[in-house]
C-alpha cells in the first residue's frame, strides 16, 4: 500500500543541516511565510471578487517547493506547479507581480494571458505549467537532455502531484530520463489527494518505487520539513551534475485546503487534517529558528509588510488592453532561451 | 544547382543545418543507427554522432516534450514522427505545451516536427494520414507542405530557423517520385504560396502530393488555360495569393488528399467565399478524400484518394458552368 | 468586481466561488447597520453550491446598508451591503478606474437584427430583379461586376455556359466585340429588329441594275396611306427641346426600367398641364381628353409599324408604364394585339433611339394633334451655371425630344410650353 504518512523527524531536535547557514534557514522560513501570506491575501482578494477564475494554493505544503527550489543554482531550470509558489519567490519573482498575475492585471507575470499559478518567468529560468499533468515532466527531461548533450553542469527540476503519476507522460519522462541518464530531479508532491481522489484510488504501489524500475534513485522525504527537502534536493542535484542521473524525490505532505478555493474538501476525514496540522511546515521551522535565537515575529512582520506593499502595488495596476488579446501567438523575432534565476543559498555565493 | 529527389532534398537540408548550427539536434525513432524508416538520415550518425542524431525511445509524447525542453534552453531540435499518423500520441505536448507557450509565457519554442504523411501505397489507416488540419486549428503552430524538391529543402531550412513550432508535412509519395533542381547551400523559402502553372480560365488550389496530380490533370484539358496554385504554407496561409488567383480565374477547384471535413481546403474555400465573392463565376468546388479511414486494399484506396481523373472531371464541369 | 464607488458608499457584492458558480445565499450577517467594520474583517457568511465561506469587507468604514436579507439567494455580483467610507481612499478609486475597461455595459445586448434587415442595401433592394436580370436569368458576381463596370445590358449578352448561362468570357467577349464608338446611352426602345424573314421570290425579272424584290406589302401600303393622309390633312410642324437625362438614367438603373417609361410619364404629366395636346381633331370636331391613352409606336421590322395603345396611362406609375410598354411591345411583335388595343389613343410616343439617330420629324397619328419623338441619349459636354453665375463644363447624357404638332389645333408657343413641361418633369425625376 502507498505510504500514507512518512516518519517525521523529531520537531526542533533535528540536527542542523551542515549545508545550511542560519541565514539560509531564515530564508527558507521567509520563503514559506511569503508563500502562505501571499496565498492568504490572494484568497481574500478572490472572495472580494478581484481574482477571476479559480484559485489554488499550497497551504501546508510550503516546504516542498521552498526546500527543493532553494537548492537550485541560477543556471538550473525549473518547471513549477500550482502549489509551489515558494519556488517562484526563491527564483526572484516579486510578490507584486504574483498578485498582479492572480488578478489578471497587465503587471502580472503573464500579463493576463494565463491565470493563477500558471506562470513562469522565462527570464528567471522558469517554464510556466500547462494544465495537462504531468506534461512538464517531459519538458524538464528535455532541458536536462540538452544539458547533458552539451556537457553542462546544471540540472532541471520539475514538480508534479500524486494524481499525475497515473498519466502516460509520467512514464515517458521517467523512462526517458532513466534510459539517457539525465540530470533531472523529479519532485513528486504526494499530498494525499488529487482533487477528491485519495491516493489509494490512484496507485497500487507507492510511486517512489517506480524509480528503481526506471533505473534510478527514488527517495521518500518528509515534505513538511523544509530543511530535509533542501537536503534531498541538494543531494539530487549533486548526483545530477556529476553524471549520476535522475532522482525521484517523493515529498510526503498533505493538502490542507481544498483542491481550489471552491472546494471545501468534505471528502477528507477531519482526523487526517488534524493529524497533519500538527506537522505544519512553518510551525516546525519556526520552532527551529526560535531555538536558534531568531526573532521570528520580526520576520513575520517584515513579510506582512512586504505583502501589504505588494497588494497595494498590484491593486493599482491596470487590466490588460483588450486590443492586445490577439498578439504574441507567434514569436516574430529571435527565440530567446530561458534566463538564469536568483539563487539564495549561501552555497552558491562565491 | 543539383538535381535531387524530394527525399534527398530533405536529407540535404538536415545535413546542412547540422553542419551549420551546433544547436541543431535531430531526434526520432530508428533515425540514428538505422538511418530512418525512409532512410532520410542514412549515414548521419557517422558524421554527427549519436548525440545529435538521437535514437529515442518509442514515445511520441516524449519526443515532442523533450524537444520542447531542449528548445527552451537554446537548442534547435528537429523531431521526426516515424509516420505523421503517430503525432496523435504527441498531440498534447505539441498543441498545449509547444503551441501555447509563447502566447502565455512569452517563451519561444523553436522546434520542428517532421511528419511523413499521406497514402497511396497500401499503408492502411495508420500509415497514410494527412493530419495537418488538426494543427492548423491549434493556435501557435505553423504548418508547411512542400510539393517540390526545391521547396522541400527551402521550407525545411525556414522551418528549422523559425523561432516557432513548425509542422513540416513531407509527403511520402513524393519522396522518390519527385525530382528537381535544388539550389546548393542553405536557402530559406518563405512561408508563402507559389503559382505552379499560371492560367486564366480556372485555378486548382492544392498542396503537397496533390500538386503533381493537379498539374497532370489540367495540363491538356480541352485547351483550357488552368492555373495551379501550390499553397506550400498552410499556417500562415497566403491569402493574397489565393485571392489573386481567384480574381484572375474566377473558377476554383480546391484539392485535398486529407479527409474532406475541415481539411485545409475547407479553410481556403471559406476565405474565398468571404473575400473573393465578387470574383467568382461559379461555385467553389472541392475535391477531397471522403471522410473514411484510408483503406488498405489497392482498389479501395484508389477509390478514395483524389485521382487525376476525378480532378479532370471536376475541372471540366466547372469550366462548362 | 466586489467593490465599486458611488460617492462615499462602497458596495459589497456576492463573490463567485468557482468558475461554474452563478449564485449564493446569505446565511448570516455579522454586522448591523451603523457598525464600524475594518477592511478584510468578515461582514457575512454565505453558502454556494460548492462551498460555504465568509465574505471579507473590502474597505474600512461604517455599515450603511444591508441590502440582501438572510436566507436569500442572489446572483453573483449582486450588491449585498454598502459601506460608507470617509475621505477619498486612492486605492478604491484607482481600482474602479482600472475596473472600467473590464466592465460590461448592461446595455450590451445582441445586435438588433430587425435593424439589420430593415437597412436594405441597393443590392438587396435590387436583388431579385436588377435591370440586368431579365426573364429568370441569373448572373454570377463577377459577371455582374464586369457588366456594371462597362455598362453592358446583360440581357443582350449570349451565354455559352450551362443552360445558356452567361459566363465571364461571354461578357468579356461581348465587350470586346462592341461598337467602336460608345453606343447611345439607352437601348430600351421597344423597337427590336426582328429576324429578317427570307425575301419572297420575285415573280417578275428585275430591271438590270435594280435591286430584286416584290412590291410593297399590304401592311406597308396601309401604313403609307395613313402617313400620307396625315400630312395632307394636318398642318404639321415640329419643335425640339434638349433634355438632361442624368436623373432619369440614375433612376432607371435603380428601378430597372427603360427611359421610355420615364418619358411616357413625363408626357402624361405635361399633357395634364397642357390638355390642348391631348386632343382629337376630326374635321371640324375638336375634343380635348382628360384621360391619356398613350400610343407607343412599335416597329414590326420589314412589315412596318403599329401603335398599340396603353389605355388609362395616366393612372400608371413609371414602373407600371414600363411593364405595360414591355407587354404591348411583345404582343405587338408576336401579332397578339386585338383591335381595341390599337384604337383610342390620345397621344403617341415614338422611340427609335437605339440606332443613334438624334432628331426626326415624326408624322402625327390621326386624329391626334401631337406626337413625341424620343431618340438616342448621348453623352455631351454641357455648360452648367452655378448660383453665382459661374460657368463650367460637365458631361451629361442628353437627348433631343421632338414634338410634331398640328398647327390647326394649336400654335408654337403652346407646343414649346408643352415640351418645356416634359423637360421639367424629366429633369426633376428623383
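Observations
- Here residue A:306 fulfils each of the conditions (1) surrounded by fewer than 17 Cβ atoms within 10 Å (Cβ to Cβ); (2) under 30 Å from residue A:75 (Cβ atoms) apart from (1).
- Here C:40, C:45, C:49, C:35 are screened, and the one residue that is modelled with pLDDT under 90 and either surrounded by 15 or more Cβ atoms within 10 Å (Cβ to Cβ) or within 30 Å of residue A:312 (Cβ to Cβ) (or both) is C:40.
- Of all residues making up the stretch B:14-30, the number that are more than 13 Å from chain A (Cβ to nearest Cβ), in contact (Cβ under 8 Å) with a residue 40 or more places away in the chain and over 17 Å from residue B:65 (Cα atoms): 5
Per-residue answers, yes or no, for (1) closer than 30 Å to residue A:320 by Cα; (2) outside any helix (DSSP H, G or I):
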position: A:115; (1), (2): yes, yes
position: A:120; (1), (2): yes, yes
position: A:154; (1), (2): no, yes
position: A:203; (1), (2): no, yes
position: A:213; (1), (2): no, no
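- Flag if residue A:144 is under 15 Å from residue A:186 (Cβ atoms), away from chain B (no Cβ under 11 Å) and part of a helix (DSSP H, G or I): no
- Looking across B:81, B:75, B:101, one residue alone is away from chain A (no Cβ under 13 Å), crowded, with 24+ Cβ neighbours inside 10 Å and in contact (Cβ under 8 Å) with a residue 24 or more places away in the chain. It is B:81.
- For the stretch A:313-333, the candidate set comprises residues that are exposed (fewer than 14 other Cβ atoms within 10 Å of the Cβ) and in a helix (DSSP H, G or I); within that set, the residue that is nearest to the other protein chains (Cβ to nearest Cβ) is A:322.
- Criterion: modelled with pLDDT of 50 or more, buried (at least 16 other Cβ atoms within 10 Å of the Cβ), assigned to a loop (DSSP other than H, G, I, E, B) and over 19 Å from the mean Cα position of the chain (by Cα) - qualifying residue of C:143, C:152, C:171, C:166: C:166
- In the stretch A:42-51, the residue that is nearest to the other protein chains (Cβ to nearest Cβ) out of those that are buried (at least 21 other Cβ atoms within 10 Å of the Cβ) and assigned to a helix (DSSP H, G or I) is A:47.
- The numbered conditions (1) in a helix (DSSP H, G or I); (2) modelled with pLDDT of 95 or more; (3) within 14 Å of chain C (Cβ to nearest Cβ) are all true for residue A:283 except (3).
- Looking across A:7, A:23, A:39, one residue alone is modelled with pLDDT under 95 and either part of a loop (DSSP other than H, G, I, E, B) or in contact with a helix residue (DSSP H, G or I) (Cβ under 9 Å, 6 or more places away or on another chain) (or both). It is A:7.
- On inspection, residue A:298 does not qualify as within 14 Å of chain C (Cβ to nearest Cβ), over 20 Å from the mean Cα position of the chain (by Cα) and at pLDDT 95 or above.
- For the stretch B:58-69, the condition holds for no residue, the condition being that it is surrounded by fewer than 24 Cβ atoms within 10 Å (Cβ to Cβ), within 28 Å of residue B:184 (Cβ to Cβ) and out of contact with any helix residue (DSSP H, G or I) (no Cβ under 7 Å at 6 or more places or on another chain).
- Given (1) modelled with pLDDT under 95; (2) surrounded by 13 or more Cβ atoms within 10 Å (Cβ to Cβ), index of the condition residue C:386 fails: (2)
- Boolean, residue C:25 is in contact with a strand residue (DSSP E or B) (Cβ under 7 Å, 6 or more places away or on another chain), modelled with pLDDT of 75 or more and more than 10 Å from chain A (Cβ to nearest Cβ): yes
- Taking the criterion of being facing chain B (nearest Cβ under 10 Å) and under 20 Å from residue B:58 (Cβ atoms), the residues of the stretch A:147-173 that qualify are A:167, A:168, A:169, A:171, A:172, A:173.
- Each residue in the stretch C:45-78 was checked for being assigned to a strand (DSSP E or B) and under 25 Å from residue A:259 (Cβ atoms), and 10 of them qualify.
- Of all the numbered requirements in (1) without any contact (Cβ under 8 Å) to a residue 60 or more places away in the chain; (2) more than 10 Å from chain B (Cβ to nearest Cβ); (3) more than 16 Å from the chain's Cα centre (by Cα), residue A:208 misses one, and that requirement is (1).
- Filter pass, residue A:234 being under 20 Å from residue A:83 (Cβ atoms) and more than 14 Å from chain C (Cβ to nearest Cβ): no
The values are calculated or read from the model by the stated rules, or taken from the named source; none is laboratory data. No experiment lies behind these values; they were computed from the predicted model shown. Because the Cβ atoms are built from the backbone with ideal geometry, glycine has one as well, and the counts that use them run over all protein chains shown.
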